[in-house]
Amino acid sequence: MPAPSSGNPGTGDDARCRILVQEQDFDPGAQIEALRSTTTGAIVSFVGIARDFSGDFPVGQITLEHYPGMTQKSLGDIAARALARWDLAALCVIHRFGTLAPGDRIVLVAAASRHRDAAFDACRYVVDYLKTEAPFWKRESGALGSRWVQAKDSDDQALERWTGSAPGPGAA
Amino acid sequence: MRLTILYFARLREAVGLAREEVEAPDAVRSLGQLRAWLIGRGEPWSAAFTQVRPVRAAQDQVVGNDDTPLRAGAEIAFFPPVTGG
């Protein structure tokens, strides 16, 4: 159980932020539409989809395991850093777990801001960190058997965009 | 020190357990020392931690490293690098 004193390092109490970890599907259109407002000039979204191939390995099904106690906290922490770094009107992160088929939606990240640069950058930042920090593990199965997906070095390298001395592509 | 230990994904399968309660000796004070003590208990931990590398660790849902000091009663998780998104 979480230590009572640790509080929520994430954004559970930030009204701009919506974080959902769920088994069921989501409607990207409705989620994006919910971020629209008179002061929002830009909404950038990313939808991650389950593929039917992984190198030479045909994938018939993906099972996403996660660490329920930590997942929400980890996504909240990433979102909080994005909200602190860019001037965002809203941020939505939805990540599914359980059994998925090729073509199924896995994750949605949508960032809304006054101007486009912040939304583009924040969306990519959240996706990049989610892939290396959020406690999800994919197992893929198909005609050739079943295997755990290996973490990719390219995912770690993607973070260099955000950790170098440069402030990122179009930092607000 | 009493601790709850959780294992995830490939490591969970290798250990054959999702969760266990342990009473670690006083000399075990950090995440790295805890992992070494678990491996020292023999099978299935020694093979599991050899087979699955690298292994990450978290204490009370916050990622730590080998030097992270343990808190009595904490929930410790060991898992392979994450692959979500």
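List pairs: first residue in the range A:27-43 and closer than 17 Å to residue A:95 by Cα, second residue open to solvent by 80 Å² or more (accessible area, probe 1.4 Å) and assigned to a strand (DSSP E or B) anywhere in the structure, Cβ distance under 6 angstrom, at least six positions apart or on different chains.
Final answer for the pair search is none.
Go through the residues of the range B:22-38 one by one and say whether even a single one is on the phi > 0 side of the Ramachandran plot and over 11 Å from the mean Cα position of the chain (by Cα).
For the range B:22-38, residues on the phi > 0 side of the Ramachandran plot and over 11 Å from the mean Cα position of the chain (by Cα): absent.
Within the set of pairs 6+ apart or on separate chains, which have a first residue in the range B:1-24 that is within 24 Å of residue B:83 (Cβ to Cβ) and more than 9 Å from chain A (Cβ to nearest Cβ), a second that is open to solvent by 70 Å² or more (accessible area, probe 1.4 Å) and polar (S, T, N, Q), and C-beta atoms under 8 Å apart?
B:14/B:51
Name every residue in the range A:126-159 that is more than 23 Å from residue A:56 (Cβ to Cβ), open to solvent by less than 10 Å² (accessible area, probe 1.4 Å) and not small (Gly, Ala, Ser), in order of residue number.
Of everything in the range A:126-159, those that are more than 23 Å from residue A:56 (Cβ to Cβ), open to solvent by less than 10 Å² (accessible area, probe 1.4 Å) and not small (Gly, Ala, Ser) turn out to be A:126, A:130, A:135, A:136.
Any residue that is part of a loop (DSSP other than H, G, I, E, B) and within 20 Å of residue B:54 (Cα to Cα) - is there at least one of those in the range A:112-126?
The answer is no, given that none of the residues of the range A:112-126 is part of a loop (DSSP other than H, G, I, E, B) and within 20 Å of residue B:54 (Cα to Cα).
Any chance the range A:65-87 includes a residue that's acidic (Asp, Glu), assigned to a helix (DSSP H, G or I), within 22 Å of residue B:6 (Cβ to Cβ) and at the interface with chain B (Cβ under 10 Å from one of its Cβ atoms)?
yes
Among (1) open to solvent by less than 30 Å² (accessible area, probe 1.4 Å); (2) in contact (Cβ under 8 Å) with a residue 12 or more places away in the chain, where does residue B:84 come up short?
(2)
Taking the range A:39-64 as the region of interest, how many residues are in a strand (DSSP E or B), open to solvent by less than 30 Å² (accessible area, probe 1.4 Å) and at pLDDT 95 or above?
5
If I filter the range B:31-67 down to residues being of a type outside the set (A, V, I, L, M) and open to solvent by less than 30 Å² (accessible area, probe 1.4 Å), which single residue comes out as farthest from the other protein chains (Cβ to nearest Cβ)?
B:42
The values are calculated or read from the model by the stated rules, or taken from the named source; none is laboratory data. Bear in mind that the values here come from a model prediction, so they are computed numbers and not experimental data. Virtual Cβ from ideal backbone geometry, glycine too; neighbours counted across all protein chains shown. For accessibility, only protein heavy atoms count, side chains too; no ligands or nucleic acids. Shrake-Rupley method; radii C 1.70, N 1.55, O 1.52, S 1.80 Å.
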